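Please treat every number below as a calculation from the coordinates, not as lab data. The structure displayed is predicted, hence computed values, not measured ones. Methodologically, a virtual Cβ is constructed for each residue, glycine included, from the backbone with ideal geometry; neighbour enumeration extends over all protein chains shown.
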Amino acid sequence: MKTQYYTASSLDGFIATEDHSLDWLMQLGDPEETRYPEFFAEVGALVMGARTYEWMLKHAIFPEAGEPAPWPYAQPCWVMTSNRLPEIPGADIRFASGDIRKVHAEMAAAANGKNIWVVGGGELAGSFHDAGLLDEIIVQVCPVTLGKGQPLFPRRIAIPPMKLTDVRRYGVFVELRYDIDKS
């Protein structure tokens, strides 16, 4: 089992605009044409921050224009938040706050040997890193620059550096995989 931060980033290192928009990403292609399906098949539990969850509610589940869509994940999903957020009927969503290690232990038990996906954002992934729980960062770099916005990973990892384990091209995306040295 690995705890993996899998995300897309602009070339200049942002996962969303300042106002948390992903419109720049949605124009670039179909995730099914990348290694996402293979990655997702190995996911047993997910975790996301409140802003990621709210973005999904607004743009995917209950879009302002268009038909509502079902929650896209069958796996249990934790949402890290200190606020009360809307629930989605029938979805296995667990709201949590506090010690990330305790939440990680619950996710690992629920994942049943499969991987844990840190969906986003960067600060949440950084919290997993700070607790020594992050094993891998997988980034699909996109051919756009945002100038500013929500950073990919607002932490310094310099000594020892991450270990590049794979590089692949998928259409306009370049996927980079890095292992985190926990020693």
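For the reader, a short list of remarks on this structure follows.
- Where N is the number of residues in the range 60-183, Cα Rg divided by 2.2 N^0.38 Å: 1.21
- Computed 3J(HN,Hα) for the range 172-183, one whole-Hz value per residue from the Karplus formula 6.51 cos²θ - 1.76 cosθ + 1.60 where θ = phi - 60°, is 8, 8, 10, 9, 10, 10, 10, 8, 9, 7, 9, 6, glycine and proline marked x.
- FRET efficiency, GLU18 to VAL172 (Cβ-Cβ, R0 30 Å, nearest 0.05): 0.85
- Student exercise, the range 94-183 dipole from Lys, Arg, Asp, Glu Cβ charges, in Debye to nearest 20: 120
- Cα Rg, Dmax (largest Cα-Cα span) when computed across the range 1-127, Å: 14.5, 39
- For the range 31-92, the convex hull drawn through the C-alpha positions has a volume of 101 cubic angstrom per residue.
- Sequence of MET26, MET1, MET56, MET107 once ranked by neighbouring C-beta atoms within 10 Å, starting from the fewest: MET26, MET1, MET56, MET107
- The GluC sites (Glu not before Pro) of the range 1-81 meeting both criteria, a DSSP state outside H, G, I, E and B (loop) and at most 10 other C-beta atoms within 10 angstrom of the site's C-beta, are GLU64.
- Fewest-first ranking of SER183, SER21, SER10, SER97, using other Cβ atoms within 10 Å as the exposure measure: SER183, SER97, SER21, SER10
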